[in-house]
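Enquirer: Pasting a structure below so you can have a look.
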Amino acid sequence: MLRNVVFLDRDGVINQDSPDYIKGWSDFDFISRSVEAVGDLTRSGFTTIVITNQSAIARKLISAQELEYIHSKMKETIESKGGKINDIFICPHLPSDGCDCRKPSPGLIYQAQRKYDIDLAASVMIGDSVRDIQCALNAGCGHSILVRTGNGNDAEHLLTEAGLFTDYVAEDLYDASQWLLSKKKSRI
């Protein structure tokens, strides 16, 4: 059974989010130190898997092939700095489609669990939105971290109002990775 898995949201965690959607590689802008964060996690034995809603496909703003190209370039950049994204699971559906893979539903995490035999109780979800944290809770992830990048500042207040709590609120993915690495030694 695979332990030490970190599920990462993409937009707002690894790269800058955009209200106009990320429609091509030229729109993709890494958040400062996010590439370094994935490298640190990789070198410390974590398996990193991206879990991302990408309704731009259903909206016909981007093709599945273009999204695949963006992801290949993202992975290539991360690998050039010593990191590794082990896999990427996407939900291409609209919010109104009622699928089980769109976060906050746990479908993407369950797909990853089936593919890799992941111990969800020993896994961590890092996201910037309420739906990321709810997805982690719905899937039974043992831990969750909210980053303040992307939608994180708004999400922090909404989570508090809803009585939902994370293990840590980080400034960004790098801060989250460093906290996680410090806790790995003490087995969070």
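Enquirer: Show that you can apply the helix-only estimate: for the chain, add -39,500 (n - 2.57) for every DSSP H stretch of four or more residues, divide by all residues, and state [θ] at 222 nm to the nearest 500. Before the final figure, lay out each step's value.
Expert: Numbers: 6 runs with 72 residues, N = 188.
That calculation yields -12000 deg cm²/dmol at 222 nm.
Enquirer: Once you've got the GNM for the chain with C-alpha springs shorter than 10 Å, pick whichever of L41, L164, L108 has the biggest mean-square fluctuation.
Expert: L164
Enquirer: Sticking with this one: Based on alpha-carbon centroids, what's the gap between the range 124-188 and the range 2-54 in Å, whole number please?
Expert: 14 Å
Enquirer: Suppose we keep just the DSSP beta bridges with both residues in the chain; what percent of those would be antiparallel, to 5? Walk me through the intermediate numbers first.
Expert: Details: 1 of 22 bridges.
That works out to approximately 5 percent antiparallel.
Enquirer: Charges only on Cβ, +1 for Lys and Arg, -1 for Asp and Glu: so what's the dipole of the range 5-186 about the Cα centre, in debye to the nearest 20?
Expert: Working: 19 positive and 26 negative charges, 96 e Å.
The calculated dipole for the range 5-186 is roughly 460 debye.
Enquirer: For the chain, list the cysteines whose Cβ sits under 4.7 Å from no other cysteine Cβ?
Expert: Flagged as lacking a Cys partner: C99, C135, C141.
Enquirer: Of G140, G152, I62, which is farthest on the positive side of the dipole of the chain, counting Cα position, with +1 on Lys and Arg Cβ, -1 on Asp and Glu Cβ, and the Cα centre as origin?
Expert: Farthest towards the positive pole: G140.
Enquirer: Tally Lys/Arg at +1 and Asp/Glu at -1 over every other residue whose Cβ is under 14 Å from the Cβ of A162; what's the total? Write out the running numbers ahead of the final one.
Expert: Details: positive: R131; negative: D132, D154, E156, E161.
So the surrounding residues net to -3.
Enquirer: Please identify the trypsin sites (Lys or Arg not before Pro) of the range 84-188 that satisfy two criteria: DSSP loop assignment and at most 10 other Cβ atoms within 10 Å. Which are they?
Expert: On the way: sites: K84, R102, R114, K115, R131, R148, K183, K184, K185, R187; in loops: K84, R102, R148, R187.
Sites meeting the loop and neighbour criteria: R187.
Enquirer: What residue among N15, A170, A122 has its Cα farthest toward the positive end of the dipole of the chain, where the charges are +1 on Lys, Arg and -1 on Asp, Glu, each on the Cβ?
Expert: A122
Enquirer: How are the alpha carbon pair distances in the chain distributed across 10 Å bins from zero to the largest one, expressed in percent?
Expert: 10, 40, 40, 10, 0
Enquirer: Relative contact order for the chain: what is it in percent, counting Cα pairs under 8 Å that are at least 6 residues apart?
Expert: 25 percent
Every number in this text was worked out from the coordinates using simple rules, so none of it is lab data. All values reported here derive from a predicted model rather than from experimental measurement. Virtual Cβ from ideal backbone geometry, glycine too; neighbours counted across all protein chains shown.
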